[in-house]
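These notes are about the structure you will find just below.
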Amino acid sequence: MARLTALDRREEILRAAVAQIAERGVAAVRVADVAAALGVSTALVFYHFRSKDRLVAEAFAYAARRDLDRLAEVAGSGGSARRRLVRALRLYHPSGSAAPGWRLWIDGWSAALREPELRRVCRRLDLRWRDTIVGIIAEGVAAGEFSCADPEAAAWRITALIDGLSVQTTVHRGVLTRKQAEAWAYEQAARELGLESL
């Protein structure tokens, strides 16, 4: 069996950490849980990640990378700003039966209140989402598709509404349907951009 390179080993550890965080939660996961899932020593995990906080922060960023790559692809895909914005907002909403990505975000935001390293990662990832939405809105304004005096403020309000609705639909399942939450978010986005509808 071939030995893993250092980069491959780090990625393997990150994948295992994401799975353990999803199963146990950020607060409860231990480095020993990650090591046991891989059948390696905790010392090996600490060799690649100097602390549990570093491992959790990097695992969180690793888990978000795929969604952020998809968002960048949507933003740069060409076509109308309206079409790209709808696609970007669709990515932002919870999807699937249990919205595992959103459960991870909610857990990460909660832990970030107490863990500075995770707080920095969450902030950077949140701002990357927001900045991409700002860019799409600004392009739509420049092209005459949207009427919006402050794209940054509009992006903050739109994503904050989706954040709140997504927490409700993920944590309090059955109180509000995802379909209704999406409809409200699109209605608000349309109002922000001077449109009848998205």
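The values are calculated or read from the model by the stated rules, or taken from the named source; none is laboratory data. This is a predicted model, so every value here is computed, not measured. Quick reminder, even Gly has a Cβ in these numbers, built from the backbone with ideal geometry, and neighbours come from all protein chains shown. Note: accessible area is taken over every heavy atom of the protein model, side chains too, but ligands, DNA and RNA are not part of it. Shrake-Rupley method; radii C 1.70, N 1.55, O 1.52, S 1.80 Å.
Restricting the search to the range 137-156, which residues are over 18 Å from Glu196 (Cα atoms) and not small (Gly, Ala, Ser)? Within the range 137-156, Glu139, Asp150, Glu152, Trp156 meet the criteria. One residue alone among Ala149, Ala160, Ala72, Ala111 is more than 26 Å from Gly174 (Cβ to Cβ), of a type in the set (Gly, Ala, Ser) and assigned to a helix (DSSP H, G or I), and that residue is Ala72.
Could you say whether any residue in the range 57-64 is loosely packed, with under 13 Cβ neighbours inside 10 Å and assigned to a helix (DSSP H, G or I)? Looking for residues that are loosely packed, with under 13 Cβ neighbours inside 10 Å and assigned to a helix (DSSP H, G or I), one finds none in the range 57-64, hence no. The one condition from (1) in a loop (DSSP other than H, G, I, E, B); (2) surrounded by 16 or more Cβ atoms within 10 Å (Cβ to Cβ) that Arg130 does not meet is (1).
Return the pair list, or none, for Cβ contacts closer than 9 Å from residues in the range 176-187 that are open to solvent by less than 60 Å² (accessible area, probe 1.4 Å) to residues that are charged (D, E, K, R), at least 6 apart or on different chains. As it stands, the answer is Glu182/Arg90, since those pairs meet every condition given.
Number of residues in the range 1-23 that are within 26 Å of Trp109 (Cα to Cα), at pLDDT 90 or above and not β-branched (Val, Ile, Thr) equals 9. Scanning the range 92-105 for residues that are buried (at least 17 other Cβ atoms within 10 Å of the Cβ) and either modelled with pLDDT of 80 or more or assigned to a helix (DSSP H, G or I) (or both) yields Tyr92, Gly101, Trp102, Leu104, Trp105. In the range 42-49, the condition of being modelled with pLDDT under 95, over 19 Å from Trp109 (Cα atoms), not in a helix (DSSP H, G or I) and not charged (D, E, K, R) is met by at least one residue.
Given the structure, is Val86 in a helix (DSSP H, G or I) and out of contact with any strand residue (DSSP E or B) (no Cβ under 7 Å at 6 or more places or on another chain)? Yes. All conditions but one from (1) under 21 Å from Arg70 (Cβ atoms); (2) over 17 Å from the mean Cα position of the chain (by Cα) apply to Asp131; the one that does not is (2).
Does Gly144 satisfy the criteria of being assigned to a helix (DSSP H, G or I) and either open to solvent by 20 Å² or more (accessible area, probe 1.4 Å) or out of contact with any helix residue (DSSP H, G or I) (no Cβ under 6 Å at 6 or more places or on another chain) (or both)? It is false that Gly144 is assigned to a helix (DSSP H, G or I) and either open to solvent by 20 Å² or more (accessible area, probe 1.4 Å) or out of contact with any helix residue (DSSP H, G or I) (no Cβ under 6 Å at 6 or more places or on another chain) (or both).
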